[in-house]
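**Student:** The structure is given below, and queries will be raised subsequently.
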Amino acid sequence: MKSYKYLLLLFLAIIIFGNSYAQKYKYSGKIFDSNKNPLYYAAVNLKGTAIYDLTDEDGQYTLKDIVPGKYTLYVTILGYQNIEKEIEITKDYVEQNFYLQESTLALDEVVVTAKVSQSKEGSTTYKIGTDAIQQIQPISVSDILQLVPGNQVSSSNLNGMAQADLRNAGDYTDINSFGTAVIVDGNQLSNDGNMQTEGFVETANKGIDLREISAANIESVEVVSGVPSAKYGNITSGAIIIKRKAGYTPYHFSFNSTPNSYQLGVNKGFKLKNGGFLNADGDYTYSNSQATSRKRYYQRINAGLRWTKELSEDLEWNNNVYVRYGLSFDGQRKDPDEIVVNTEMENESHNFTFSTNGSLNLFGTTSYSVNANYSNQYSYRMSTEAGPIPIIESLEEGTYVTNFSPITFQQRTETYGEPVNINGNIDANQTFKTYGFRHNTSIGLSYTYNKNFGKGRVMDDENNAATAMAGARDMNFYNVPASVVYSAYFQDDICLDKENSNHLIKVGLRYDNMLEKYNLLSPRLSFSGRYFEKYRVRLAYGISYRTPSMLQLYPGPKYFDVINLNHYSEEDIRSLAVVTTYIYQPTYENLKPSKGTTLEGGFDFENNGLSVRLTGFYKEIKDGIATNDQLLTFDKVVWEAVDETPGTVPVVQPTDSIVRVSSNFNTFANTITTRTRGLELSANFPKIKATNTTINFSGSYLKTTSENDDLKLRSSASLTGASENRYGVYEQAAYTTYTCRSNLTIAQHIPQIKLMITLITEVNWLYKREVEDYPSPYPVGYYSIDGSYNDIPESERTNEAYADLYYSREFLERTPTPTYFNFHIQVRKETKQGHSFSFYANNFLWYNPTYEDDLNNSIVELNSRVTFGIGFNFKI
């Protein structure tokens, strides 16, 4: 914990030094609406700093302790168009008044695409505002991410887990998504305590399921795909920062519908008599897996309250408290015509959140956040199995005499989870100036706790089948130790303003204590230089770490049931089996956090309404955790029946014959490495003023190489039919995937009739997956039947003595997908009363090109069929 002490000392030094700088100024004024009525609780902020204020009942604001320099003033309030203005502070300024217009389609400037943002949250950040969100008619946060450059436009799909997959073209999507932080109003959501592995959706060891987060009450989303601020930890692949609505709003009733889903929502912001606001929202969503089938379905309920208030005027203490409830349910219906159901599954999760966060004028500006998240999870799987098979439910090693299952039987597994996540952080921010450099510093501490209090996995005691494979039994989750992360961080944003240039250097360092033994330092560095108001050069480098999930650290014991005697008879009394249960408890004390490294550089150009941004990056995730092969061998004592008198239970006893048997199973290991190189390009062209038309281009090229350093096991009996079985150990192939995709968006805005029409031309330039490194068919070693490992020197691997281990693998490569187009349209119309109607049609030209897939010997349609959706929003 020495790093804590050093950061605390640095914190005190910053406070003393920052407050000792005498030359600081004020900037004050009032915020009005277009009718000159004062606006209450408008946020006024100097971007990139912690200097801000909220307006009072008279619309008055005052920004204090501003050191001289150039800033971007940002004014925002729910329901009104934001204002950004470049200012220079050289003295005290008063009566700096601003007039905000209500945010409607009657305004000339409406942005319906992701906007590149110079954000304090990270180096490459895309800001998605309210207008852009409303235009695409999203049902969940996963739909909003289609606005990020390089992502495909698609309809809502709620019948499978939806994860963020930032800057990745290849395999191991779960590993990439597991490292993406999702932060909602300061609450960093966690999936670490989730241990559910049954049902339709296996959610453990993966990223946050974005289906569960409704888009109905979201004000904005920031997507950090580059190097994040040092404030953010337990992360290897960017962040998604979600801000919900807070402040006064009239009643909003919304309805969205697609051929297989619909959503109903309501939200309202109340202004309280004693000051502050209370925001309430709720929504219900239902979806079938197909428009023509109701067999599999998904339901979601969300409801929340958020209270916002200034607790102390003297301390400028503003606080938010919110509570939320969410239900997520994946289920299936039984078709009346079905006689036998082979598999039944369902997932149900009740989620509860309490959170409080705020800031006050203490030691500069001190911000804090305390969050508690609790889920009650249930997963169910029932499968119809073929018998007769010996039934065994022992939880201890030993040899047991048991009976048989019916010819067909049902195997039932239920999983009860109660993951709890508690996280909090506190940081202090200072602004000061030394030797012409302006510093915006922040230093903070954070804590994360994850624990699962569920009763765990519950097996069907009557029908637990004994096989030669690794099996599972009951497992109590509440016995699994908690996962705790302690963190501290420091960041200094250093700005130097010159006459024709502006330079911003961000220096950050984060310390994380993970798994009680890994003390990890994560440097985060970035540079941005702007020249002659037209050109900008950007560089960034950062390291980050992601702790393993609780299920990866504590998966529970493996049960191996070896059948010593199979004495089955059609006469029940004469049927019995002898089974020996072996128990293996995997230990993962060497499992370590995954490491993410990002390096990027870029160039921007902006002039006369034209802005172009080009970013090149390299992103590596090392020590990603995956399941890998492991081998165990056991002694099988052969039993025999010594008395088989008809009508009586056979008498059995062990023989002197002992056979060595083996079983392979999956374990967790840090064996995955992914490397992605890419280019991202976005361009906004000058508005065509005569028609009020804007044109935006965005696209990306990605090349991802995926490697698994684990060795693959194959038995000689399965490879060559060898009579004496042993297991060869083989290297795995590395794969490289290429994708290139772009969107050209033409937005036709007619403010006179409050109409916005968006036309999107999507071009899928390239998709190709190829073997990067072909592994040898010869083994690097082998396991003997007694379980001992034998290494094979490279010079001897082709020797005839190992001919039974020759592993001929065909690595068939799919024909690269040809370039193809897709066309989408989105329409939104507002009325004078503020109601709105929206409509979208994806692939509205019904363009369905095909190509011949050599790998599967089939004809593949490259575009989905035309899909559409409608939405209504009523404001009262």
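**Student:** For the chain, state what percent of all Cα-Cα pairs lands in each successive 20 Å bin, counting from 0 Å until the bin that includes the largest distance.
**Tutor:** 13, 42, 32, 11, 2, 0
**Student:** Shape verdict for region 760-833, please, from the Cα gyration tensor: rounded (a/c under 1.5), prolate (a/b greater than b/c) or oblate.
**Tutor:** prolate
**Student:** Here's another thing I want to ask about it. Have a look at region 67-128 and give its Rg and Dmax from the Cα atoms, expressed in angstrom.
**Tutor:** Looking at region 67-128, its Cα Rg and Dmax stand at 14.3, 38 Å.
**Student:** Of the GluC sites (Glu not before Pro) in region 805-846, which ones lie in a loop per DSSP and count no more than 10 other C-beta atoms within 10 Å? All intermediate terms of the calculation are to be shown ahead of the outcome.
**Tutor:** On the way: sites: Glu810, Glu813, Glu830; in loops: Glu810, Glu813.
Passing both the DSSP loop test and the Cβ count: Glu810.
**Student:** Right, something else. Past 18 Å, Cα to Cα, is the threshold; run Lys85/Lys832; Lys26/Lys70; Lys24/Lys91; Lys206/Lys451; Lys24/Lys433 against it and keep the listed order.
**Tutor:** Pairs exceeding 18 Å: Lys85/Lys832.
**Student:** Could you state the number of Å between the C-alpha centres of region 769-802 and region 63-95?
**Tutor:** What the calculation gives is 67 Å, centre to centre.
**Student:** Here is a follow-up. Restricting to Cα atoms and excluding each atom paired with itself, what does the Kirkwood estimate give for region 134-284 in Å?
**Tutor:** Roughly 16.8 Å, rounded to one decimal.
**Student:** Here is a further query. Over 21 Å apart: what share of the alpha carbon pairs of region 166-252 falls there, rounded to a whole percent?
**Tutor:** 38 percent
**Student:** For region 603-713, what is Rg from Cα atoms divided by 2.2 N^0.38 Å, rounded to two decimals?
**Tutor:** 2.48
**Student:** Between region 473-501 and region 137-158, what is the separation of their alpha carbon centroids in Å?
**Tutor:** 27 Å
**Student:** Taking +1 at the Cβ of each Lys and Arg and -1 at the Cβ of each Asp and Glu, which of Tyr738, Gln653, Gly616 sits farthest along the dipole of region 612-756 towards its positive end, judged by Cα position relative to the Cα centre?
**Tutor:** My answer, from the dipole projection, is Gly616.
**Student:** Separate question: Largest first, what is the accessible-area ranking of Lys687, Lys91 with a 1.4 Å probe? Mind showing how you got there, number by number?
**Tutor:** Numbers: Lys687 60, Lys91 115 Å².
If we order Lys687, Lys91 from most to least accessible, we get Lys91, Lys687.
**Student:** How tilted is helix 2-20 with respect to the longest principal axis of the chain? Cα atoms for both, answer in degrees (0 to 90, nearest 10).
**Tutor:** 10 degrees
**Student:** Please name which of Asn319, Asn822, Gly69 has its Cα lying farthest along the dipole of the chain towards the positive end, using unit charges on Cβ (Lys, Arg +1; Asp, Glu -1) and the Cα centre as origin.
**Tutor:** The listed residue farthest towards the positive side: Gly69.
**Student:** Also, quick follow-up: Return the long-range amide H neighbours of Ala42 (sequence gap of 5 or more, or a different chain), with a cut-off of under 5 Å between placed amide H atoms.
**Tutor:** Amide H neighbours of Ala42: Thr55.
**Student:** Determine the distance separating the Cα centre of region 572-624 from the Cα centre of region 645-703; give it in Å without decimals.
**Tutor:** 9 Å
**Student:** Would region 301-413 count as rounded, prolate or oblate if I go by the C-alpha gyration tensor, calling it rounded below 1.5 in a/c and otherwise prolate when a/b exceeds b/c, oblate otherwise?
**Tutor:** On the way: a/c = 8.06, a/b = 2.66, b/c = 3.03.
Taking the square roots of the gyration eigenvalues as a ≥ b ≥ c, region 301-413 is oblate.
**Student:** Across region 222-296, how large is the tail of the calculated P(r) beyond 20 Å, expressed as a percent of all Cα pairs? Can you show the working numbers first?
**Tutor:** Working: 1692 of 2775 pairs.
Beyond 20 Å sits 61 percent of the P(r) for region 222-296.
**Student:** Let me ask something else. Need one value: the accessible area of Trp639 in square angstrom, 1.4 angstrom probe, rounded to the nearest 10.
**Tutor:** About 50 Å², ignoring ligands and nucleic acids.
**Student:** Still on this structure: If N is the number of residues in region 728-876, what value comes out of its Cα radius of gyration divided by 2.2 N^0.38 Å?
**Tutor:** 1.85
**Student:** Grab the other residues whose beta carbon is less than 9 angstrom from that of Ile494, score K and R as +1, D and E as -1, and report the net.
**Tutor:** Charge balance in the 9 Å sphere: 0.
**Student:** Using modelled amide H (1.01 Å from N, peptide plane; none on Pro or chain starts), what sits under 5 Å from the amide H of Phe634, excluding residues fewer than 5 places away?
**Tutor:** Correct list: Val661, Ser662.
**Student:** Any idea of Asp786's accessible area? Nearest 10 Å², probe 1.4 Å.
**Tutor:** Approximately 90 Å² for this residue.
**Student:** So which trypsin sites (Lys or Arg not before Pro) in region 516-622 pass both tests, a DSSP loop state and at most 16 other Cβ atoms within 10 Å of the Cβ?
**Tutor:** For trypsin sites (Lys or Arg not before Pro) across region 516-622 that sit outside H, G, I, E and B with at most 16 neighbouring Cβ atoms in 10 Å, the list reads Lys517, Lys534.
**Student:** For Lys120, list the aspartates and glutamates whose Cα falls under 14 Å from its own Cα; do not include residues on the same chain fewer than 8 positions away.
**Tutor:** In chain and number order, the partners are Glu222, Asp492, Asp493.
The values are calculated or read from the model by the stated rules, or taken from the named source; none is laboratory data. Quick caveat, the model's predicted, so the values are computed rather than measured. Note: ideal-geometry Cβ built from the backbone for every residue, glycine included; neighbour counts use all protein chains shown. Accessible surface areas use protein heavy atoms only, side chains included; no ligands, DNA or RNA. Shrake-Rupley method; radii C 1.70, N 1.55, O 1.52, S 1.80 Å.
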